[in-house]
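Note sheet for the following structure.
The values are calculated or read from the model by the stated rules, or taken from the named source; none is laboratory data. In this text, all values refer to a predicted model and were calculated from it rather than measured experimentally. Glycine gets a Cβ as well: all are built from the backbone with ideal geometry, and neighbour counts include every protein chain shown. Accessible surface is based on the protein model in full, side chains and every heavy atom, while ligands, DNA and RNA are left aside. Shrake-Rupley method; radii C 1.70, N 1.55, O 1.52, S 1.80 Å.
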Amino acid sequence: QVQLVESGGGLVQAGGSLGLSCAASGRIFRVVAMNWYREAPGKQRELVATITSGLSTYYADSVKGRFTISRDDAKNTVYLQMNSLKPEDTAVYYCNLHYGPNEYWGQGTQVTVSS
């Protein structure tokens, strides 16, 4: 069983920065890609960033150049550093992984960016 626990959300002014963390339990962390999603009120959940086990990364166009995803396999933790935040980044942020037929989600952490 895999458990994902996010932390680091909060309230920040536009232009500010926040860092999110997601700690994973279980032994599969090192072999899977890790994802950050977000869900804003009234909108569909969207993929924000991905980091593979080989450290390849993907970013949604809306966050490219502002967000950085990284991972520490020794700590079973994935990070999302968010800079130059905009009000439209306001959402609940979730970490996620797929392993075989299974998909796992964290409980989410709220990020609110004030204008």
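Here are the numbers for this structure:
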{"read-out": "GNM top mover of S17, S84, S56 - the chain, alpha-carbon springs below 10 Å", "value": "S56"}
{"read-out": "Relative contact order (percent, whole number), the chain, Cα cutoff 8 Å, 6+ residue spacing", "value": "36 percent"}
{"read-out": "Potential lengthening between A60 and T112 on full extension [0.36 nm per residue; Cα-Cα distance subtracted]", "value": "16.8 nm"}
{"read-out": "Highest-fluctuation residue, R66, R38, R30 considered, GNM on the chain with Cα pairs under 10 Å", "value": "R66"}
{"read-out": "K75 accessible area, assembled protein chains, probe 1.4 Å, Å²", "value": "130 Å²"}
{"read-out": "GNM top mover of N96, N35, N76 - the chain, alpha-carbon springs below 10 Å", "value": "N76"}
{"read-out": "Ranking by accessible area, most exposed first, for E88, E103, E6, E39 with a 1.4 Å probe", "value": "E88, E103, E39, E6"}
{"read-out": "P(r), alpha carbons of the chain - 5 Å bins starting at zero, rounded %", "value": "2, 13, 25, 26, 19, 10, 5, 1, 0"}
{"read-out": "Sequence of L18, L11, L97 from largest to smallest accessible area, 1.4 Å probe", "value": "L11, L18, L97"}
{"read-out": "At R0 = 22 Å, FRET efficiency that the Cβ-Cβ distance of R27 and E103 yields, to 0.05", "value": "0.80"}
{"read-out": "Mean separation of Cα contacts under 8 Å (6+ apart) over length of the stretch 39-80, as relative contact order %", "value": "25 percent"}
{"read-out": "C-alpha center-to-center spacing [the stretch 1-55, the stretch 76-103] in angstrom", "value": "2 Å"}
{"read-out": "For the chain, size of Cβ-based charge dipole, Lys and Arg +1, Asp and Glu -1, in debye", "value": "140 debye"}
{"read-out": "Signed unit charges on C-beta, dipole axis of the chain, positive-most listed residue Y99, G54, V32", "value": "G54"}
